[in-house]
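Everything below concerns the one structure shown next.
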Amino acid sequence: MAAATNLPAVESRETIAPAWHTIVLLLVVAALSAVSSFSHGPSPIGFGRGKVVGYLSVLVSQWLVILFIGWGIRGRGFSLRDLAGGRWQKWTGPLRDLGIAIAFLIISAGVLALASHLLHADSGDMVARLAPHTAPEIVAYLALCATAGFCEEIIFRGYLQRQFAAWTGSAPAAVLLQAIAFGAAHGYQGPRLMTVITVFGCLFGLLARWRRSLRPGMMAHFLQDALLTVVKK
């Protein structure tokens, strides 16, 4: 498979997995979201057994989805590394992507604040309920943040955005469709916050398209999740 710099444009009509594979993936994401709406948290089993177990259950479920994606794209000659954007070519690459991630978070914070204001969406109660407090909870939560940063970017911006682009032949449509799927995957947040998350998904999709890489988005995703909840606990 070609290196990151030689990956086809996002409008490429080359699908990266069979249609049935994408449909199954969307059904799994929808099912996990529906279950989370009943458990009132991202964990499919809730936090009744403690937050550490709840965090780890989300971590495991996301990695299982990634394994399914890796299996599905292998038949078309793709790998997870291809979806992520390949390797850094220079030692300055991680620093550059970190800078882009921080700038992205600063810009997106204003957009999300406006969207939340217009929709009257308040995440305070959700953040308080999910926040870690003890040392084991913080460690488990940060592991979950790292997992979400990698896995969710692969799922939505790496896999779905490219697959939707191949199906529609439209980069804007691909960005929008994956963002809708991203928002819909957060059923436990409720309709208003899911809409705000959809906006965030659009921003992540634009970042991935601009950089032709998921690395800045992965960093931003991790920082957003980690800082937002740990600071506001």
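Read-outs: derived from the displayed coordinates by stated rules, not from any lab. On a predicted model such as this, the values are computed, not experimentally measured, just so you know. Neighbour counts are summed over all protein chains in view; Cβ atoms, including those assigned to glycine, are modelled from backbone coordinates with ideal geometry.
Counting neighbouring beta carbons within 10 Å and listing from fewest to most, the residues 32, 214 come out as 32, 214.
Arranged from fewest to most other beta-carbon atoms within 10 Å of their beta carbon, 29, 24 become 24, 29. Cα convex hull, the stretch 39-156: 148 Å³ per residue, rounded to a whole number. Just checking the listed ones, 185, 208, 113: in the Gaussian network model of the chain with Cα springs under 10 Å, the one fluctuating most is 113. Computed about the Cα centre, the dipole magnitude for the chain is approximately 420 debye when only Lys and Arg (+1) and Asp and Glu (-1) carry charge, each at its Cβ. Would you mind computing, in nm to one decimal, how far apart the modelled labels at residue 63 and residue 106 are, each placed 7 Å from Cα along Cα→Cβ? The answer from the label model is 3.5 nm. Projection of the Cα convex hull of the stretch 155-225, averaged over all directions and equal to a quarter of that hull's surface, yields 4.4 nm². Residues 43, 36, 61, arranged from fewest to most other Cβ atoms within 10 angstrom of their Cβ, appear as 61, 36, 43. Straightening the chain between residue 98 and residue 53 buys 13.2 nm, computed as 0.36 nm per residue apart minus the Cα-Cα spacing.
Hydrodynamic estimate: the Kirkwood radius of the stretch 13-231 over Cα pairs, inserted into Stokes-Einstein at 37 °C and 0.692 mPa s, corresponds to D of 186 µm²/s.
Each Cα pair under 8 Å and six or more residues apart adds its separation to the average, and for the chain the resulting relative contact order is 33 percent. Using the Cβ-Cβ distance between residue 34 and residue 139 with R0 set to 25 Å, the FRET efficiency works out to roughly 0.30. Here the dipole of the stretch 120-233 is about 360 debye; that uses its Cα centre as origin and unit charges on the Cβ of Lys and Arg (positive) and Asp and Glu (negative).
Each peptide among 172-179, 133-140 gets the average number of other Cβ atoms lying within 10 Å of its residues, and from highest to lowest they stand as 172-179, 133-140.
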